[in-house]
Amino acid sequence: MLLWIIGFALLGSIGAIAVAALFLLFPEGIRRVLIPHLVSYATGTLLGAAFLGMIPAGLKQAPANLVMTTILAGMILFFVLEKLVLWRHHHDSHERGAKKRSGSLILIGDAFHNFVDGIVITAAFLTSIPLGMTTALAVIAHEIPQEVGDFAILLDSGYERKKALFLNSLSAAATLPGAVMAYFWLGEMHDATPYILALSAASFIYVATADMIPGLHQQVTPAASLRQILLLLMGIGTIALFHFRG
């Protein structure tokens, strides 16, 4: 089981960085076309992993009222955390050297986010291998557009391309210690697993609905909307395929 966790934790972190780095090789015009498509697909994988995998698995292991309360508390927690990040970003934007600090904050925040992703992947694998695989897939899908965006911010902050790639890879590597630590911690505390799954589901739902879907609404043409809907359903369908086959 630990080998499964390590393998998919590396795939979810270093794999996402590798794909994101490949996107940098494309001209900016092509990236602008591809990224919205990837965001639509990633939104579907996040929602699918939360509603088809994590929440049902948590409900099998703990009372429904406690699981749903944990999800609600998680949504509120992520809202507050994002407000704090936005406030800090607004405060720093009025100071000299804000771009450089913004790049540093991106790296620190991304490292913490990836550490939590490792915990999420482990909690899912300790529930079942199919759930672990679908969760890791959702992590990979939403990490790729995020890492592309992080690269853009770092480059805009004055980092050289090679240094931005190295620092982003270092930040992504935080997934592995998070996964390994969670394996030994959650292995001794099985009762905590359904609530970790509930918080993970809250994180996926919040990222999809608060961060990704509003960006998709910026494209309002019928053709773009149809592509978004189809790709979102494809993301959900991919999770459903992995989950129900398992």
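The values are calculated or read from the model by the stated rules, or taken from the named source; none is laboratory data. Quick caveat: nothing in here was measured; it's all calculated off a predicted structure. Positions of Cβ are generated from backbone atoms using ideal geometry, with glycine treated the same way; all protein chains shown enter the neighbour counts.
Points to keep in mind about this one:
- Filter pass, VAL207 being closer than 26 Å to VAL67 by Cα and either touching a Phe, Trp or Tyr at 6+ places or on another chain (Cβ under 6 Å) or at pLDDT below 85 (or both): yes
- Residue within the range 194-203 that is without any contact (Cβ under 8 Å) to a residue 40 or more places away in the chain and either assigned to a helix (DSSP H, G or I) or in contact with a strand residue (DSSP E or B) (Cβ under 8 Å, 6 or more places away or on another chain) (or both) present: no
- Among residues of the range 12-32 that are among the polar types (S, T, N, Q), those with a Cβ under 6 angstrom from a residue that is part of a helix (DSSP H, G or I), sequence gap 6+ or separate chain, pair up as SER13/ASN114; SER13/ALA172; SER13/THR175.
- Residue within the range 178-187 that is of a type outside the set (Val, Ile, Thr), in contact with a Phe, Trp or Tyr (Cβ under 6 Å, 6 or more places away or on another chain) and part of a helix (DSSP H, G or I) present: yes
- Among residues of the range 43-72 that are within 22 Å of VAL139 (Cα to Cα), those with a Cβ under 6 angstrom from a residue that is aromatic (Phe, Trp, Tyr), sequence gap 6+ or separate chain, pair up as LEU46/PHE204; ALA49/PHE204; ALA50/PHE204; THR70/TYR195.
- Failed item, numbered, when LEU84 is tested on (1) over 17 Å from PRO145 (Cβ atoms); (2) modelled with pLDDT of 80 or more: (2)
- Failed criterion for ILE108 (all others in (1) closer than 26 Å to HIS37 by Cβ; (2) surrounded by fewer than 23 Cβ atoms within 10 Å (Cβ to Cβ); (3) modelled with pLDDT under 85 hold): (1)
- Residues in the range 11-44 that are under 14 Å from the mean Cα position of the chain (by Cα) and of a type outside the set (Val, Ile, Thr): LEU11, GLY12, SER13, GLY15, ALA16, ALA20, LEU38, SER40, TYR41, ALA42, GLY44.
- Evaluation of ALA123 against the conditions (1) modelled with pLDDT of 80 or more; (2) loosely packed, with under 14 Cβ neighbours inside 10 Å; (3) not aromatic (Phe, Trp, Tyr) shows that the sole unmet condition is (2).
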